[in-house]
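Inspection log for the structure reproduced underneath, given as structure tokens.
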Amino acid sequence: MAKALEGIRVLDMTHVQSGPSATQLLAWLGADVIKVEALTGDITRKQLRDLPDVDSLYFTMLNCNKRSITLNTKTERGKELLTELIRRSDVMVENFGPGAVDRMGFTWERIQEINPKVVYASIKGFGEGPYTNFKAYEVVAQAMGGSMSTTGFEDGPPLATGAQIGDSGTGIHAVAGILAALFQRENTGHGQRVNVAMQHAVLNLCRVKLRDQQRLEHGPLVEYPNEDFGDEVPRSGNASGGGQPGWAVRCAPGGPNDYVYVIVQPVGWQPLSELIGRPELADDPEWATPEMRLPKLGKMFQLIEEWTSTLPKWDVLQKLNAHNIPCGPILSTQEIIEDESLADNEMVVRVEHPERGTFTTVGSPLKLSDSPVDITSSPLLGEHNEEIFVGELGLSEDELALLRTGGVI
């Protein structure tokens, strides 16, 4: 079956996580993604290794379904080959430091001369301004995009989230921009620049906190469990901060992930009060309405936890779902990797690697009925040099050998 992006070639000049996460999604959607690596390879091939002299899980889990070539773009012949690759590509993606590609001699103006139809996407840490040249990492983006200041408990320090909203979150935003530019190209006939900054992507994911910053100008945020409010949106623990209050309540036997997240909707209060053994609270004027419960969120979830703490989380889940009370167990990484439903939905996938054997990775969250995803292994370093340089660019075997000995590939 044809894939959604079949026929689209992506020149992947990315490394680490934000860029590779974007190009991997494009590959899953059917694009031919050619990963252009320095002769030493993407740095993550060697980072956080669990097996000696084998590509790390860090690399393999971000570079499935791609082809790899090596190219020294500091050499004249390397620049010529990169020029030819740009000429033959629909999309070019990079996440080097600001100005790095320009210094190679490939400014946006030069890239347009080579291929007016190419979509050129750049992922950077920050937009134009005082932060432009700051070095960007996952948690730096979280810090500067509004996430850390609003994550954690009121009496504790700012906290990072385990979700990679700075890196992979930015990659997803980049994919949206690339697909939009490809669609617009159908009407205009030419490509365009796509710029995505990690700080901006995190900020977009934190928009509800900016909503609450403006609401705070008109008084305390009653949906939050905090007692005191200053001039800024506070950290509020596990509170949802939305229209329906929620909290993570402890379950038996009290392990680090023995929790269920429970949301208390108005319609759910009566059955919930019966489940926790306090049916009288359903009609108690002090508890019966959401408006009366909001000032007592801490006490309300304490009462719920007195019940949940006596039961395993899966029992709590069953009893709450029987009454359509929104809830979800806190799943550990081990529980997720062993979850049969996630495997059945091809979200936890086993992949064969030529050197490390079988590894587990995350599957595509994008499910298209006419564009199924078959996840294949990440490429070995330079695995497709001959296939691409000889088979597609037309170089001879002799020149390929000279490129190797000359340090070009």
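The values are calculated or read from the model by the stated rules, or taken from the named source; none is laboratory data. Every value quoted in this text rests on a predicted model; they were computed, and no experiment measured them. So basically every Cβ, Gly included, is an ideal-geometry build from the backbone, and we count neighbours across all protein chains shown. When the accessible area is computed, the model is the full protein with side chains, heavy atoms only, and any ligands, DNA or RNA have been set aside. Shrake-Rupley method; radii C 1.70, N 1.55, O 1.52, S 1.80 Å.
Quick notes on this one:
- FRET efficiency, Thr107 to Thr376 (Cβ-Cβ, R0 45 Å, nearest 0.05): 0.85
- Distance from the Cα centroid of the range 299-368 to that of the range 59-79 is 36 Å (rounded to whole angstrom).
- For the chain, accessible area per residue (1.4 Å probe, heavy atoms of protein chains only), Å²: 50 Å²
- DSSP assigns beta bridges within the chain; of those with both partners inside it, close to 40 percent run antiparallel.
- Model label sites at Asp50 and Met1, defined 7 Å from Cα along the beta-carbon direction, differ in position by 3.1 nm.
- Net length gained if the chain between Leu331 and Arg404 were fully extended (0.36 nm per residue, minus Cα distance): 21.4 nm
- Cα gyration tensor, the range 1-124 - rounded (a/c under 1.5), prolate or oblate: oblate
- Set of lysines near Lys46 by C-alpha distance (under 19 Å), chain-local residues within fewer than 8 positions excluded: Lys35, Lys66
- Rough spin-label spacing in nm, given labels placed 7 Å along Cα→Cβ, for His323 and Asn187: 5.2 nm
- Candidate values [x] 22.5; [y] 21.9; [z] 24.3, label of the one derived for Kirkwood radius over Cα pairs in Å: [z]
- Packing order of peptides 168-178, 198-208, highest average first: 168-178, 198-208 (average count of other Cβ atoms within 10 Å over each peptide's residues).
- C-alpha center-to-center spacing [the range 87-135, the range 148-220] in angstrom: 20 Å
- Site pair Ile276 and Leu366 shows an inter-label distance of 4.3 nm when each label is modelled 7 Å from Cα along Cα→Cβ.
- Largest to smallest accessible area among Tyr58, Tyr131 [probe 1.4 Å]: Tyr131, Tyr58
- As a rough guide to protection, the peptides 268-274, 75-81 ranked by mean Cβ packing within 10 Å, highest first, stand as 268-274, 75-81.
- For His353, His218, the ranking by accessible surface with the largest value first comes to His218, His353, using a 1.4 Å probe.
- Whichever lysines have a C-alpha closer than 30 Å to that of Lys296, once near sequence neighbours (fewer than 8 apart) are set aside: Lys209, Lys313, Lys319
- Förster-model FRET efficiency, 22 Å R0, Glu291 and Asn204, C-beta, rounded to 0.05: 0.10
- Residues Trp247, Trp314, Trp287, ordered by accessible area of protein heavy atoms at a 1.4 angstrom probe radius and largest first, appear as Trp314, Trp247, Trp287.
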